[in-house]
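The values are calculated or read from the model by the stated rules, or taken from the named source; none is laboratory data. From a predicted model like this one, the values you see are computed outputs, not experimental measurements. Ideal geometry is used to build each Cβ from the backbone, glycine not excepted, and the neighbour counts take in all protein chains shown.
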Amino acid sequence: MRSVLALTLLLSCLAGILAQQHAMTKEIVEGCMKENGVSAQDLSDLQTGKVKPENAKDTMKCATQCVLVKSGFMDASGKLLTDNIKKVYNGSPLQAQVDKDLEKCGQIKGANACDTAYQMLTCFHGELRKA
């Protein structure tokens, strides 16, 4: 249970603006952790800084992509579904920030779909910290 909560917090942090208003259910996070073999230790290492974000394991990257896909923010090939994201924030006070962040981070391409998802969310998180 602690690892599910920790992954939810991590992914929420990484997702920044994307995860702020879109509910990521316990079932999605738990399923993605299990499906991708993310251990509590992997999560702890990333959260405590023992592992830097740029050195995250592929399992963590794929769990990130899994959550985005199941949340409707990304397709299985790693393409960000910007229209779905914009619908969530249409008319909200965060709309301008989301549009700006999508423009900056939405075109990132990683080595594969998992890496793309992880790099995008790392970018969104960086932009959120600047705001």
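Values computed for the structure shown
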| quantity | calculated |
| --- | --- |
| Residue match in the range 76-88 (condition: surrounded by 15 or more Cβ atoms within 10 Å (Cβ to Cβ) and touching a residue at least 60 places away in the same chain (Cβ under 8 Å)) | yes |
| Members of the range 27-54 that are closer than 19 Å to Ala113 by Cβ and polar (S, T, N, Q) | Asn36 |
| Selection within the range 76-85 - in contact with a helix residue (DSSP H, G or I) (Cβ under 7 Å, 6 or more places away or on another chain) and over 19 Å from Lys34 (Cα atoms) | Ser77, Gly78, Leu80, Thr82, Ile85 |
| Any pair with Cβ under 8 angstrom, 6 or more apart, that starts in the range 97-114 at a residue that is under 22 Å from Thr59 (Cβ atoms) and touching a residue at least 12 places away in the same chain (Cβ under 8 Å) and ends at one that is surrounded by fewer than 16 Cβ atoms within 10 Å (Cβ to Cβ) and among the acidic types (Asp, Glu) | Cys114/Asp58 |
| Condition met for Glu54 (at pLDDT below 90, surrounded by fewer than 16 Cβ atoms within 10 Å (Cβ to Cβ), under 17 Å from the mean Cα position of the chain (by Cα) and not in a loop (DSSP other than H, G, I, E, B)) | yes |
| Hey, Thr8 hydroxyl-bearing (Ser, Thr, Tyr), assigned to a helix (DSSP H, G or I) and at pLDDT 85 or above or not | no |
| Neighbours by Cβ (under 6 Å, 6+ apart or cross-chain): first from the range 25-47, under 13 Å from Cys62 (Cβ atoms); second part of a loop (DSSP other than H, G, I, E, B) | Asp42/Lys57 |
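Condition check ((1) in contact with a helix residue (DSSP H, G or I) (Cβ under 6 Å, 6 or more places away or on another chain); (2) surrounded by fewer than 20 Cβ atoms within 10 Å (Cβ to Cβ); (3) not in a loop (DSSP other than H, G, I, E, B); (4) not hydrophobic (A, V, I, L, M, F, W, C)) across all residues:
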| residue | (1), (2), (3), (4) |
| --- | --- |
| Leu46 | no, no, yes, no |
| Ala63 | yes, no, yes, no |
| Pro93 | no, yes, no, yes |
| Lys100 | no, yes, yes, yes |
